[in-house]
Amino acid sequence: CIAGMCGAGKSVVSDFFIRQGFQYLRFGQITMDELKKRQLPISEENERLIREELRAAYGMGAFALLNINKIECLLEKGNVVADGLYSFAEYKILKERLGDACKVIAVYAPPSLRYARLAERKQDPADKTGRNRPLTPEESKSRDYREIEKSDKGGPIAMADYTIVNTRDLHYLYSQLEAILHE
C-alpha cells in the first residue's frame, strides 16, 4: 500500500511497481466511480463530499472495507500495489486482515515541492479517472489540512514499513524503490 500526501509521488511509485508486474488498485477509485454514478464533475469539492459521505456511512476505515475483497482477489493472482492508503483505521484493517502480506510505503515530499508539482500537472482530457489532475497551491494546502484533520492521514505515513523521500530526480526515487523491492 502506498501512503503519502497529495503530490508526494504515490502514482509514480505505483507505476514503478506496475512495471515490475504488480497488479494495481487505486483506493480512491471508489470516489471517482461514485462521482460518475451521480453524474457529478470531478472537482476537489465533489470528491471531498463523496469521501466524507463514505466515511460517515462506513467509518474511517471505509476505503479499506470497500476495497479489501478486491485486494484479496488480486492477491490470489500475484503481487498488488494499492495506491492511496488514507486513514489510520484503514491501515489497521488492512494490517489485521492481511498481516505481513501488507507492506506500507510512505512517500514524502515537503509541501512547497508538492504544491508546485500539483500546480504544474497537466490533465489528459481523455483521462476520466482524475488520477493526475492539477490543483492550485490554495487547493493543495486546503486538501492537506482536511486530509490530516478529517481523514487521519498521518497514521499510515507514521507507521509505514518503508519511507521514501521524493525530493530529487526519478533515478533517486527508483533507487529507493529498487532497494525495497529486492529486500
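The values are calculated or read from the model by the stated rules, or taken from the named source; none is laboratory data. Here the structure is a predicted model, which means the values were calculated and not measured. Here the Cβ positions follow ideal geometry from the backbone for every residue, glycine too, while neighbour counts run over all protein chains shown. Heads up: the accessible areas ignore ligands, DNA and RNA and are worked out on the full protein's heavy atoms, side chains in. Shrake-Rupley method; radii C 1.70, N 1.55, O 1.52, S 1.80 Å.
Here are the numbers for the structure shown:
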| quantity | calculated |
| --- | --- |
| Some residue of the range 62-73 being open to solvent by 90 Å² or more (accessible area, probe 1.4 Å), assigned to a helix (DSSP H, G or I) and modelled with pLDDT under 95 | no |
| Residues within the range 49-61 that are among the basic types (Lys, Arg) and open to solvent by 70 Å² or more (accessible area, probe 1.4 Å), tallied | 0 |
| Any pair with Cβ under 8 angstrom, 6 or more apart, that starts in the range 20-47 at a residue that is closer than 24 Å to Ile71 by Cβ and ends at one that is modelled with pLDDT of 95 or more and surrounded by fewer than 12 Cβ atoms within 10 Å (Cβ to Cβ) | Gly21/Gly78; Phe22/Gly78; Gln23/Lys77; Gln23/Gly78 |
| Looking only at the range 81-107, and only at residues there that are under 16 Å from Asn166 (Cβ atoms) and either small (Gly, Ala, Ser) or more than 12 Å from the chain's Cα centre (by Cα) (or both), the one that is surrounded by the most Cβ atoms within 10 Å (Cβ to Cβ) | Ala106 |
| Residues located in the range 170-183, provided they are open to solvent by less than 90 Å² (accessible area, probe 1.4 Å) and free of Cβ contacts under 8 Å to residues at least 60 places away in the same chain | Tyr172, Ser175, Gln176, Glu178, Ala179 |
| Of all residues in the range 152-173 being within 18 Å of the chain's Cα centre (by Cα) and in a helix (DSSP H, G or I), the one that is nearest to Cys102 (Cα to Cα) | Pro156 |
| Inter-residue pairs, beta-carbon under 6 Å, first in contact (Cβ under 8 Å) with a residue 24 or more places away in the chain and closer than 30 Å to Asp169 by Cβ and in the range 83-112, second aromatic (Phe, Trp, Tyr) and open to solvent by 30 Å² or more (accessible area, probe 1.4 Å), 6+ apart | Ile105/Tyr162 |
| Flag for Ile30 being open to solvent by 20 Å² or more (accessible area, probe 1.4 Å) and not in a helix (DSSP H, G or I) | no |
